[in-house]
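A short worksheet on the structure shown next.
Laboratory data are not the source of any read-out in this text; all were calculated from the coordinates shown. Remember, it's a predicted structure, so these values are computed and weren't measured experimentally. With ideal geometry, Cβ positions are generated from the backbone for all residues, glycine too; neighbour counts draw on all protein chains shown.
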Amino acid sequence: MKKLIFFLLFTLLSAPMYIYGKSGFAMWQIPSQVNTIGNSYVFLTDKGRVIVMDGGMKDETLFLRGFIAALGNEVEAWIVTHPHNDHVGALTEILKEPKGMKIHKVYHSRFSDDLLRCEQPYDKYAFEFYEVLDKSGIEVLNQTIPGLTERIDGLNFKILGVTNEEFRMNPYNNSSMIIRVWDKEKSIVFLGDAGVECGNKVLTGPFRKDLDCDYLQVAHHGQQGCNEQFYKTIKFKACLWPTPLWVWNNDQGQGINTGNLKTFETRHWMDEIGIKEHHVTCVDGLFKLE
Ligand SMILES: [Fe+2]
């Protein structure tokens, strides 16, 4: 009898470990469903709660709905790096019509109307996103200064950079939130679409040490994001690339590296740094990190 009770207790107490894995969270890098530059990450904590970062483009809404539904259709926290349509398009559609999906909190760093108007025609998507977010009734945590640290089950995240109203060159990308996510076994830094100024502001700021990590999401889908000095200053072991094939190969129909994108420059820097582990959405497909 004692043996039976011990067995049942052991089975019940260890069940979440079997279901959700040994570490604090699992993360999926979601590949583009329409061969474009959507940016989308989904996390599942060790206690089964779901966190989403960005979510990709409007055309990827159906896929994302299915992915989240398979995990229980309830999102504890949705983190938005910046309101470009390749990051908030799907979320905008979900907020318009949740179809049963429950979202508890949205974390973002809101742009002023003045900053929003700096990029046309993208401002129309951003204004629409803010409009539906305001109407949603969801709790919104607007980050006006960096430094917030949150823990959801075994997943920790920290906001290292927020909206930079002072940068009017490349204004949306240079106002990407920069976010560190970690558990006891791994750390990931998400650069969103950070441009040179946005990256360097964190690099020279009080959260510099938080940029060192195991996995680094390369800025702006891997090209024309942060600069060579940024990548060669921080320490990381592997790269996450939310990058479709035509961006990865800089090929817009005329052959490899014939376009005007700078992806091969970033790829070359990574070779020089000695990074051997790359997870590229157009190469790996759906990538799960545990
Ligand atoms: Fe983007």
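I'd like to know if the stretch 195-206 contains one or more residues that are charged (D, E, K, R) and under 22 Å from Gly38 (Cα atoms). Spell out how you get there, then give the answer.
So the first thing to find is which residues in the stretch 195-206 are charged (D, E, K, R), and the list is 197, 201.
Right, trim to under 22 Å from Gly38 (Cα atoms) and you get none.
No: zero hits.
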Practice task
Being buried (at least 18 other Cβ atoms within 10 Å of the Cβ), closer than 27 Å to Asn156 by Cα and more than 15 Å from the ligand (Cβ to nearest atom) narrows it down to one of Ile51, Ile79, so name that one.
Solution key: Ile51
Handout entry: Evaluation of Thr149 against (1) crowded, with 24+ Cβ neighbours inside 10 Å; (2) of a type in the set (S, T, N, Q); (3) over 28 Å from Tyr122 (Cβ atoms) (one fails), failing number
Key = (1)
Problem - Near pairs, Cβ below 8 angstrom, 6+ apart or cross-chain, from the stretch 278-290 (closer than 21 Å to Trp182 by Cβ) to any residue that is part of a strand (DSSP E or B) and of a type in the set (Gly, Ala, Ser) - result: His278/Ala238; His279/Ala238; Lys288/Ala26; Leu289/Ala26; Glu290/Ala26
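Considering only the stretch 193-246, state which residues are in contact with a His (Cβ under 6 Å, 6 or more places away or on another chain) and either assigned to a loop (DSSP other than H, G, I, E, B) or under 17 Å from Ile159 (Cα atoms) (or both).
First, the residues of the stretch 193-246 that are in contact with a His (Cβ under 6 Å, 6 or more places away or on another chain): 193, 239-240, 242-243.
Correct list: Asp193, Pro242, Thr243.
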Exercise for the section: Tell me, please, whether a residue that is surrounded by fewer than 22 Cβ atoms within 10 Å (Cβ to Cβ), within 16 Å of the ligand (Cβ to nearest atom) and within 22 Å of Trp28 (Cα to Cα) can be found in the stretch 233-244. Expected result: yes
Exercise for the section: Among the candidates Thr263, Thr233, Thr243, single out the residue that is among the polar types (S, T, N, Q) and within 15 Å of the chain's Cα centre (by Cα). Expected result: Thr243
Practice task
At least 2 residues that are of a type in the set (Gly, Ala, Ser) and out of contact with any Phe, Trp or Tyr (no Cβ under 8 Å at 6 or more places or on another chain) in each: list the helices (runs of 4 or more DSSP H) lying fully within the stretch 79-145 that qualify.
Solution key: none
Problem - Candidate set: the stretch 180-192, residues that are in a loop (DSSP other than H, G, I, E, B) and in contact with a strand residue (DSSP E or B) (Cβ under 8 Å, 6 or more places away or on another chain); chosen: the one surrounded by the fewest Cβ atoms within 10 Å (Cβ to Cβ) - result: Lys186
Practice task
Give the number of residues within the stretch 218-232 that are within 14 Å of the ligand (Cβ to nearest atom) and closer than 17 Å to Phe207 by Cα.
Solution key: 1
